[in-house]
1. Taking the Cα centre of the chain as origin, work out the dipole magnitude from +1 charges on Lys and Arg Cβ and -1 charges on Asp and Glu Cβ, in debye rounded to 20.
2. What number, in nm² with one decimal, is the all-direction average of the projected area of the convex hull of the alpha-carbon atoms of the chain?
3. Return the whole-Å distance between the Cα centroid of region 90-155 and the Cα centroid of region 1-50.
4. Using the Karplus equation 6.51 cos²θ - 1.76 cosθ + 1.60 (θ = phi - 60°), what ³J(HN,Hα) coupling, rounded to whole Hz, does each residue of region 226-241 give in order, writing x for Gly and Pro?
5. Would you work out the charge dipole size for region 50-113 about its Cα centre, treating the Cβ of every Lys and Arg as +1 and the Cβ of every Asp and Glu as -1, and quote it to the nearest 20 debye?
6. Tell me what the chain gives for mean residue ellipticity at 222 nm when only DSSP H runs of n ≥ 4 count, each as -39,500 (n - 2.57), the sum divided by the residue total, rounded to 500 deg cm²/dmol.
7. Say each of S28 and N14 gets a label point 7 Å from the Cα, pointing the same way as Cα to Cβ; how far apart are those two points in nm?
8. Please list, in order, the residues from region 113-132 whose amide nitrogen is less than 14 Å from a point placed 7 Å along the Cα→Cβ vector of R156.
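A short reminder: the numbers here are calculations on the coordinates, not readings from a lab. Since the model is a prediction, treat every value here as computed from it, not as a measurement. Quick reminder, even Gly has a Cβ in these numbers, built from the backbone with ideal geometry, and neighbours come from all protein chains shown.
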Amino acid sequence: MLERRLAPRVRINNLSNFDEYVSFLQGSVSEQEEVFHILTTKETYFFRQEYQLRAFVDEIIPRLAEANLTNRRLTIWSAGCSSGEEAYTLAILLSESPHLRGFRTSIVGTDLCRSNIEIAERGVYRPSSFRAMGEELIHKHFTEEGGGFRIRPSLRRMVHFSVGNLMNPRDVRAVGRVDVVFCRNVLIYFDEVSRQAATALFFERLLPGGFLFLGHSESLLNAGTSFEPVHLETDLVYRRPPLDSGSAFRIKVPQ
């Protein structure tokens, strides 16, 4: 797969083989960006894995709203946000929730690929991105523009996007502390060591009592982390134990 996708870059840069290409990569940030663009998976759309979003709306938001009645703030991190559909989906859900009236809500979206972040910041999407989203919500939260739809300013202001590498502690810590992490269908591409390192950083960034949502084929069960599983009606999520839970923190966060 690597050879097939990257062979054109070897030729475009007038190199003879992949050994030369690796040396070239080490000195070229712009070429590294090209590799990220070529190799990262970009399959995404609004309201993906609807059953999980339903669990978030029906069971997690009410818990977090009650826990944050004093400061009335809620921050969610869409880690590996691709071109922004997940982050804007979360913004829609927060804006529609009656539990969060009067709350200051925000979403942080990060992705390794700069071209993905540029699309997300532009906030204009083609019809294929809306295949799991009803027309009523589309017309409520988007305006038609050319052959696509643009996110309305009120939702755009809720979301901040930036380039971020989940394996770089400095990038992760720049996100700040959050109440929920959505990192769906990302860790399946990591090896075990990288998966543990990313999970440790998620644990660190989550406020006590905060939740981690993974993809349907990803699991932390038997992974030896300090997250505790929480069984919801339609999903299994993971929680950083509240401060009063008495749970010991066993994760060693990479420096």
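1. With only Lys, Arg, Asp and Glu charged at Cβ, the dipole is about 620 debye.
2. Its average projected convex-hull area is 15.5 nm².
3. What the calculation gives is 28 Å, centre to centre.
4. 8, 5, 10, x, 10, 8, 9, 4, 10, 7, 10, 10, 10, 10, 6, x
5. 400 debye
6. Helix contribution divided over all residues of the chain: -10500 deg cm²/dmol.
7. 1.1 nm
8. 118-125
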